[in-house]
Amino acid sequence: MLIFRALYFLLFLLVLVSCSKNNIEVSEIKEKNLELQVLEAYDIGKDALESGDVLYAAKKFNEVETLFPQSDWAPKSALMAAYSYYVQDYYSDSIAELERFIRVYPYHKDVSYAHYLMGICYFEQIVDEKKDLQSIKNAKTKFDYVLKEYANTEYALDAEFKISLINDILASKEMYIGRYYFEKKKWISAINRFRTVVDDYDTTIYTAEALHRLVEVHYTIGLIDEAEKYAQLLGYNYGSSEWYQNTYSLFDKNYKMRKKDRFKEIKKKNKKVLKKFKTLFE
């Protein structure tokens, strides 16, 4: 009886070993088939992207991520899907993919690229600085983040350049509104806009003009001391600019006018004295 039990136990072990081997082999076959499907889908997506069919390309890249989310191909495919949308100017779709990539793969080695590409998507939507203010703000926020968090990457240098362009755009907008307020004689509003350019965008090409406009506004409303303060600042920093020449002309013109007025006043007083003196001989 004991012999039969021992034989049954040995047979049971042999069956278990056989089944486990079969399961391992089946699992390996399935995994190999899955990898082949992933590679095939990725290659199809790549070919579609190169041929210009970006929507199909993005679909295949998303398929790769769905098929094998735990593989190294998944984050790479997610980025490729975002890039596919970007190539054809589908900025909203690209941004959505990039936001998801950053959320799902926050520690991936290419997350800096995801932030940078998102900044580019916002930046390229800027057409008119008077209308596309939200895109301008979003682009600047994203490029500031890239510059701060990934200063040693290849994207930081271009992010810094893009920020300087964005600052020029924002300064241009402030100048446009400031000039409008000046024409409408809304002096305080005009001053605030020009001061914003001087204080917040002092590295832009509009700083010299903003200083000249501040001189102009303060002179117009009779605040001569304030006007002279800004004129000195303009002369110190932009002495060779056309705006300093304009400011100098403004000062010179007012000087001549004041001189002329003073001369008239003196002449008037002289006439009074002469008239009084004449009465002595009557």
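The single condition among (1) under 27 Å from residue 140 (Cα atoms); (2) at pLDDT below 65 that residue 269 does not satisfy is (1).
In the range 232-249 there is no residue that is in a helix (DSSP H, G or I), under 21 Å from residue 183 (Cα atoms), touching a Gly at 6+ places or on another chain (Cβ under 8 Å) and at pLDDT 85 or above. Of the residues making up the range 61-95, those that are over 30 Å from the mean Cα position of the chain (by Cα) and either of a type in the set (S, T, N, Q) or farther than 21 Å from residue 108 by Cα (or both) are 66, 70, 71.
Show me the helices (runs of 4 or more DSSP H) entirely contained within the range 1-113 in which 3 or more residues are modelled with pLDDT under 65, loosely packed, with under 15 Cβ neighbours inside 10 Å and of a type outside the set (S, T, N, Q).
Values: elements: 2-51, 54-67, 73-87, 91-104.
Fully inside the range 1-113 and qualifying: 2-51.
Quick one: which helices (runs of 4 or more DSSP H) sit completely within the range 119-228 and have at least 3 residues that are more than 15 Å from the chain's Cα centre (by Cα)?
Details: elements: 133-149, 154-183, 187-200, 207-220.
Fully inside the range 119-228 and qualifying: 154-183, 187-200, 207-220.
The values are calculated or read from the model by the stated rules, or taken from the named source; none is laboratory data. Worth saying up front: this structure is predicted, and the values here are computed from it rather than measured. Don't worry about glycine lacking a Cβ; one is built from the backbone with ideal geometry, like all the others, and counts go over all protein chains shown.
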